[in-house]
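Structure in structure tokens, see below.
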Amino acid sequence: MNRFATRRAVLATGLASALLPCLAFAQSKKIRVGVLRLASSGPVFIAQDEGFFKDAGLDVELVFFDAAQPIAVAAASGDVDFGVTAFTAGLFNLAGKGALAVIAGQSREVPGFPLDAYLATAQPNGAALQAPKDIRGRRIGITQVGSSFHFAAGLLAEKYGFPISDVKFVPLQSMSNVVAALKGGAVDGAILPATGAEGAIASGAARLLGWGGDEAPWQLGAAFVAAKTKSDEKTIAAFLSAYRRGCRAYHDAFNVKDAAANRDALLAIIGRYTNQPPATVAKTLAYVDPEARLDVANVEKQIAWYQAQGFVDKGFTVEQVVDRRFVTG
């Protein structure tokens, strides 16, 4: 080898060594994703444990919360890059101001699938509640004013023809506080996601009145991106490719008649993140669209309802909430 060839080899080796950290970073973009410890977050848990995020070049840290609205706040403040959770008044307000943007769907309320549960306390004051419509005139525990549970109650009021103001909402800030209130009879009933509801029922704290999807189907949750990450189309595309793989795996295992062969393994994954046995997880599996599609028309309806209740500003529409570059519906 002549000295010129040797010099080229040395330069090439040096250049490759210098590029390695850059390449490694490009292949392992660190992001933080806010979620709840619920079975409806299953696509995220599956994408994490099955290596879908890693395949997409992402190093994901999951950040856990005990209510949906704080996840939107965390995205707005830049504490998380992405969130996957239920729609809330806070989420809509922040999206309307440009602090975050919805990029995909999450779980949906559909007949025959558990997602939001209408519950009565097992204490004597819950005896008058025998069906979801009986929340009228009762003290109903929810996490926060303007939460998805508030909207779920609004759908009942609309369906059965009574004013939402007839329901005496008790905002308790977290799902664990709602369960405690049910146990002690501090509320007559409550609305909780299936994972929390199953625990409340199993402990004897509550009775099931019915499921949200059987009362009124709607788009309950979404994936969204923080403003600080909104211009990074490459990272968003990578996140969505992995997230959609998780949605497909979840759907094929749990939402169709002929379940996937790896159903038990995926139940175990969700169980680890929700701190529940797989047999309990199996009772709380909501419907998730296999392509993470978003029912934009329903999101528009939700915004209008929250605006009519005075929970969100009236100066924006669904176009300020949804990022059309990524949403499929």
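The values are calculated or read from the model by the stated rules, or taken from the named source; none is laboratory data. Here the structure is a predicted model, which means the values were calculated and not measured. Every residue, glycine as well, gets a Cβ built from its backbone with ideal geometry; the counts of neighbours run over all protein chains shown.
When you go through A122, A127, A101 one by one, which is the residue that is over 23 Å from T280 (Cβ atoms), over 25 Å from the mean Cα position of the chain (by Cα) and modelled with pLDDT of 95 or more?
Residue meeting the stated conditions: A127.
Listed residues D116, D81; which is modelled with pLDDT of 95 or more, under 16 Å from A153 (Cα atoms) and not polar (S, T, N, Q)?
The unique qualifying residue is D116.
For segment 184-193, indicate whether the set of residues that are over 20 Å from G42 (Cα atoms), modelled with pLDDT under 95 and either among the hydrophobic types (A, V, I, L, M, F, W, C) or touching a Cys at 6+ places or on another chain (Cβ under 6 Å) (or both) is non-empty.
For segment 184-193, residues over 20 Å from G42 (Cα atoms), modelled with pLDDT under 95 and either among the hydrophobic types (A, V, I, L, M, F, W, C) or touching a Cys at 6+ places or on another chain (Cβ under 6 Å) (or both): absent.
Further, regarding this structure: Are there strands (runs of 3 or more DSSP E) fully within segment 37-107 with at least 2 residues that are more than 24 Å from T328 (Cα to Cα) and touching a strand residue (DSSP E or B) at 6+ places or on another chain (Cβ under 9 Å)? List them.
Once the strands (runs of 3 or more DSSP E) in segment 37-107 are filtered for at least 2 residues that are more than 24 Å from T328 (Cα to Cα) and touching a strand residue (DSSP E or B) at 6+ places or on another chain (Cβ under 9 Å), what remains is 58-65.
Scan segment 227-262 residue by residue and report those that are free of Cβ contacts under 8 Å to residues at least 60 places away in the same chain, crowded, with 19+ Cβ neighbours inside 10 Å and within 15 Å of G51 (Cβ to Cβ).
Residue satisfying the conditions is R248 alone.
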